[in-house]
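Everything on this sheet refers to the single structure shown next.
Only the coordinates and a few stated rules stand behind these numbers; no lab work does. Bear in mind that the values here come from a model prediction, so they are computed numbers and not experimental data. A quick note on method: Cβ atoms are made from the backbone with ideal geometry, for glycine too, and the neighbour counts reach across all protein chains shown.
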Amino acid sequence: DFLVQSLRAREDARFYEHPGVDVKGLLRATVRNLKDGDFTQGASTLTMQLARNCFKMREKSLHRKFLEIALTLRVESRYTKDEILTHYLNRIYFGAGADGIEQAARTYFGKSTRQLDDGECAMIVGIIRGPHIFSPFRNLDAAIQQRDQTLQRLVTMGLIDTARRDAIIAAPVKLVNDEQRETQTSYALQAVDRE
């Protein structure tokens, strides 16, 4: 539950309320992009990110955005919100060669997703915006900043209080060590080879 709350707080606060396209967010981003004269704001919902990710749409253009919206509406009409969330978490890239939440949990923390503590959930969610930049293996300080921003969004949304945020921040970050990381990679490669 905390992982889902963190994801919603960080990426799409109104995920369960909008029909796949957050019109308010889209208008806000459009105004900002017009002011900046560039595509600085995206306003993509989780479903839009899933559609873009599934169809490998990378270019920043209005055509791509309209195509993304059309695909999003189609996805929303065929799947429940929980199914969309599951597909999103299982497909998104989390850096360090980890595709999907389960692989990310094992790669970074050496445990299953359901075993993650609140701080680990918030950190993994923080990685999404920049899997290479915010990977705790590459830049632990940046990953911690992203975790803290995610926690602050949870406070702002009223999902946790400041005391709980502070307790999560105070807990030590326990990443897998290099030896465990190599073993996990080898295990994953062995499983692929077996298949």
Could you check which residue among R28, R106, R14 shows the biggest mean-square fluctuation in a GNM of the chain with a 10 Å Cα cutoff?
R28
Relative contact order of the chain (C-alpha contacts under 8 Å, at least 6 apart) in percent is 20 percent
Once you treat every alpha carbon in the stretch 46-125 as an equal point and sum by Debye, what is log10 I(q)/I(0) at q = 0.15 Å⁻¹?
-0.60
Per 0.36 nm of contour for each residue apart, how much would the distance between D82 and V192 grow if the chain were fully extended, relative to their Cα-Cα spacing?
36.8 nm
H63 and T156 label points (each 7 Å along its Cα→Cβ direction) are spaced in nm at 3.5 nm
Stretch D99-R129 to full length: gain in nm at 0.36 nm per residue minus the Cα-Cα span?
9.4 nm
Taking a 27 Å limit on the Cα-Cα distance, which of the listed pairs K35/K60; K24/K81; K65/K174; K60/K174; K56/K174 fall beyond it?
K65/K174; K60/K174; K56/K174
Can you tell me what the convex hull of the Cα atoms of the stretch 1-149 projects to on average, as an area in nm²?
8.8 nm²
